[in-house]
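Heads up: the structure comes next, in C-alpha cells.
The values are calculated or read from the model by the stated rules, or taken from the named source; none is laboratory data. Keep in mind it's a predicted model, so treat the numbers as computed, not measured. Glycine gets a Cβ as well: all are built from the backbone with ideal geometry, and neighbour counts include every protein chain shown. Side chains are part of the model used for accessible areas, which takes the heavy atoms of the whole protein and leaves out ligands, DNA and RNA. Shrake-Rupley method; radii C 1.70, N 1.55, O 1.52, S 1.80 Å.
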Amino acid sequence: MLDRRLHLHLASWLGQWPAGPGLHVVSSRRRAHPAWDGRLRPAVAVGAGRSTVLSVAPDRVARVRALADLPPDRLVPALPAAVGLPDWATHDGPFRWSLAPAPLPDVGEWIRPTSPGLPPWLRLFDNDVLVVRAADGRYLAGAGVKRHDAYGHELAVGTAPEAQGRGLARRLVAQAARRVLDEGAVPTYLHERGNQASARVADAAGFPDRGWRSFGVYPR
C-alpha cells in the first residue's frame, strides 16, 4: 500500500493521483505559478508501472495531450515547445522516496542559506540548508530541501570537487531525510537516469530505485 503522505504529495504536486494505465495529461494551476525556488516548473510527470501522470498548466493541456501518443524518447524533448518555453531544459530519471533512510551518522549542520561561503545553488533555498565545512570553514558539501507541499519534500545534494569520495553526500541525504520525516512529510529524491554517482548516493542513503520515473521541463 502506498504511504499516505506520498499519495497526498503526488495528488497535490501533480493535480491528480493515482491514474489508470497509460499517460494522463492533467491540469494543475501550480504549473503556472512559481515553485519552491521562485521559478516555474511548467511540466512535471511521475510514472509508476504502466501509469504516468503528466501535469501542465490549464492553458497547455490540449497542446500536450496532442503529443500523448509519442514514444517517451520523443515526448520528453517535445515538451518545452509544447508548454511555450522551447529553450528550457528537460529532466528524465528515477523518482525515489524513502520511509527508512539508511542509519548513517549525521555529518552536517543546518544553517541559513544566506550564510557566507555557500555555492549559488544552495542560496536558492528559502529555508535552512545542511552543510559540511572543513576545519578552516571552507564549504565541502551541502543538501537542501525543496518543500513542494506539506506532504512531500524533495532532497538535493552537492559536493565540492575536493571532498568527493568521502561519503558525505549519502550521509547528508540520510540526515536530511530523517528531518523531513520528523516534520511529517515523505522525502523524495530525483536524478537524471545516466547520473550513476547520484544513483549510488540514493541507494546508499536508503532511497531504492522502485522503477518509478519522473520527467518534466525545468529552467536552465
Seminar exercise, completed: Taking first residues from the stretch 32-52 that are touching a residue at least 12 places away in the same chain (Cβ under 8 Å) and second residues anywhere that are surrounded by 15 or more Cβ atoms within 10 Å (Cβ to Cβ) and of a type in the set (F, W, Y), the pairs with Cβ under 6 Å that are 6 or more apart or on different chains are A45/F215; V46/F95; A48/W212
Problem set entry | Unmet criterion (only one of (1) in a loop (DSSP other than H, G, I, E, B); (2) aliphatic (A, V, I, L, M); (3) open to solvent by less than 40 Å² (accessible area, probe 1.4 Å)) for L99 | (3)
Exercise. Which residues, taken from the stretch 112-166, are open to solvent by less than 80 Å² (accessible area, probe 1.4 Å), more than 17 Å from T188 (Cα to Cα) and touching a residue at least 60 places away in the same chain (Cβ under 8 Å)?
Worked result: L124
For this session: Pull up the stretch 167-184, narrow it to residues that are surrounded by fewer than 22 Cβ atoms within 10 Å (Cβ to Cβ) and among the small types (G, A, S), then point me to the one that is nearest to P208 (Cα to Cα).
Result: G167
Exercise. Any chance the stretch 204-220 includes a residue that's open to solvent by 40 Å² or more (accessible area, probe 1.4 Å), in contact with a His (Cβ under 7 Å, 6 or more places away or on another chain) and of a type in the set (S, T, Y)?
Worked result: yes
Exercise. A11 versus (1) within 18 Å of A150 (Cβ to Cβ); (2) in contact (Cβ under 8 Å) with a residue 24 or more places away in the chain: which is the lone unmet condition?
Worked result: (2)
Exercise. Which one of these is within 26 Å of V46 (Cα to Cα), basic (K, R) and in contact with a Pro (Cβ under 6 Å, 6 or more places away or on another chain): R178, R220, R200, R147?
Worked result: R178
